[in-house]
1. Could you list, in sequence order, all residues of the range 28-86 that are over 24 Å from residue 141 (Cβ atoms), assigned to a helix (DSSP H, G or I) and free of Cβ contacts under 8 Å to residues at least 40 places away in the same chain?
2. If you check residue 161 against the conditions, is it buried (at least 22 other Cβ atoms within 10 Å of the Cβ), touching a helix residue (DSSP H, G or I) at 6+ places or on another chain (Cβ under 8 Å), touching a residue at least 12 places away in the same chain (Cβ under 8 Å) and farther than 25 Å from residue 59 by Cβ?
3. Among the residues of the range 88-97, is there at least one that is assigned to a helix (DSSP H, G or I), in contact with a strand residue (DSSP E or B) (Cβ under 9 Å, 6 or more places away or on another chain) and modelled with pLDDT of 95 or more?
4. Keeping to the range 186-239, report how many residues are assigned to a helix (DSSP H, G or I), in contact with a helix residue (DSSP H, G or I) (Cβ under 6 Å, 6 or more places away or on another chain) and without any contact (Cβ under 8 Å) to a residue 60 or more places away in the chain.
5. Find the residue count for the range 144-158, including only residues that are touching a strand residue (DSSP E or B) at 6+ places or on another chain (Cβ under 9 Å) and farther than 16 Å from residue 182 by Cα.
């Protein structure tokens, strides 16, 4: 009887805590993408392709299925060169999808003496780390929603990767059943709303934030965009999916009144609040476990412009 009790407790412990994503994992993923060896991950470079292959490796570790074809790498053309987005699928209990995305390219290097690498730790290695963390969280889970994870390339050159993959007909079976896309853009720092909090661009255009916050756990909150006049909703990769009339917003923690590292060589690991990012990833996972097509079906209002 003692053995059975011990076994039951052990199994309970395993299944209760297996989903938690460690700060060490978050640190490893972000530090690898933002390392000097990646030389700023500019599209068209070998380092950019190395980053794509690294993300594909992480998707494989998390047992994601290919979005299309026989690879996580989804090619498109950039100045006559084949470059890649990275895409993986987690099948859930329903055929309704939630999308999670971010961009992995950055702006390379400068001619400056000394530190001349645009590491892009916040912009947007942090976003990729967030979506990888969510896929980590659900590695051994079967959520209500199916999930698609997309790492976009070429955002810094005009959202090239998101434009290309959003128009990929082979993915229409996913897009036609996509309930919403969460695009993570600069989530490495504490927001002006405090820890465990993000803001949503274009919050006035849909009720996604309201529905999410109703189910949010442990104080996680999505706040209104404090920079609405900047039109950020139309300036990140989510807009490629807005044009398809898919509910798609970008989510960020960037305090633009303090973000002196934006598009600067100083955007490296020292700006990252790893405790806060780890908390956000895990609370996102716990909240997503509560979401289903029955309680989460956001809609646009008539304020949004699709072209």
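The values are calculated or read from the model by the stated rules, or taken from the named source; none is laboratory data. Note that this is a predicted model, so its numbers are computed, not measured. A quick note on method: Cβ atoms are made from the backbone with ideal geometry, for glycine too, and the neighbour counts reach across all protein chains shown.
1. Answer for the range 28-86, where residues must be over 24 Å from residue 141 (Cβ atoms), assigned to a helix (DSSP H, G or I) and free of Cβ contacts under 8 Å to residues at least 40 places away in the same chain: 32, 37, 46, 47, 49, 50, 53.
2. no
3. Checking the range 88-97: not a single residue is assigned to a helix (DSSP H, G or I), in contact with a strand residue (DSSP E or B) (Cβ under 9 Å, 6 or more places away or on another chain) and modelled with pLDDT of 95 or more.
4. 2
5. Final tally of qualifying residues: 4.
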